[in-house]
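Chemist: Let me give you the structure first, and then I'll get to my questions.
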Amino acid sequence: MSFPMIEVRVFTHPTCATCPNAIQMVQKLTEQDPQVQMRLVSLATANGREIAKSLNVMSVPTIFVNETRFVGVPKWDALLEAVEREKQKPSA
């Protein structure tokens, strides 16, 4: 039985002071859960800014667990809960 991958997108910028904490948190999550993959989106790139604009991302770090949005560095438990909710959703 295969499990769907859960993509966690982390919107960052090189000048962001708290972004490294958010990235480390999601990296830790990917190490603990093989279903989770991290995608970094840098607002320092034109493509990153386009993606951020389309999702109405106004500040960094912003983390998406599929549709769940966290602005700033989330609490670890809140991030885990968001991933678990995604796992409970029926796969398409």
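Chemist: Residues of segment 16-38 being farther than 17 Å from residue 71 by Cβ and either without any contact (Cβ under 8 Å) to a residue 24 or more places away in the chain or open to solvent by 40 Å² or more (accessible area, probe 1.4 Å) (or both), which ones?
Modeler: Answer for segment 16-38, where residues must be farther than 17 Å from residue 71 by Cβ and either without any contact (Cβ under 8 Å) to a residue 24 or more places away in the chain or open to solvent by 40 Å² or more (accessible area, probe 1.4 Å) (or both): 24, 27, 28, 30, 31, 32, 34, 37, 38.
Chemist: Out of (1) touching a Pro at 6+ places or on another chain (Cβ under 7 Å); (2) open to solvent by 20 Å² or more (accessible area, probe 1.4 Å), the odd one out for residue 63 is which?
Modeler: If we test residue 63 against (1) touching a Pro at 6+ places or on another chain (Cβ under 7 Å); (2) open to solvent by 20 Å² or more (accessible area, probe 1.4 Å), just (2) comes out false.
Chemist: Which residues, taken from segment 34-70, are more than 19 Å from residue 20 (Cβ to Cβ) and of a type in the set (D, E, K, R)?
Modeler: Residues satisfying the conditions are 49, 50, 53, 67, 69.
Chemist: Take residue 38 and decide whether it is touching a helix residue (DSSP H, G or I) at 6+ places or on another chain (Cβ under 8 Å) and either more than 22 Å from residue 81 (Cβ to Cβ) or in a helix (DSSP H, G or I) (or both). Walk me through it before giving the result.
Modeler: On the way: touching a helix residue (DSSP H, G or I) at 6+ places or on another chain (Cβ under 8 Å): yes; either more than 22 Å from residue 81 (Cβ to Cβ) or in a helix (DSSP H, G or I) (or both): no.
Answer is no for this residue.
Chemist: Does residue 23 meet the test of being farther than 23 Å from residue 80 by Cα, of a type in the set (A, V, I, L, M, F, W, C) and within 15 Å of the chain's Cα centre (by Cα)? Steps first, please.
Modeler: Values: farther than 23 Å from residue 80 by Cα: no; of a type in the set (A, V, I, L, M, F, W, C): yes; within 15 Å of the chain's Cα centre (by Cα): yes.
Taking the combined requirement at face value, the residue does not satisfy it.
The values are calculated or read from the model by the stated rules, or taken from the named source; none is laboratory data. Small disclaimer: the values here were computed from a predicted structure and weren't measured. Here Cβ is always computed from backbone atoms with ideal geometry, including for glycine, and neighbour counts include all displayed protein chains. Just so you know, the surface numbers come from the protein's heavy atoms only, side chains and all, with ligands and any DNA or RNA stripped out. Shrake-Rupley method; radii C 1.70, N 1.55, O 1.52, S 1.80 Å.
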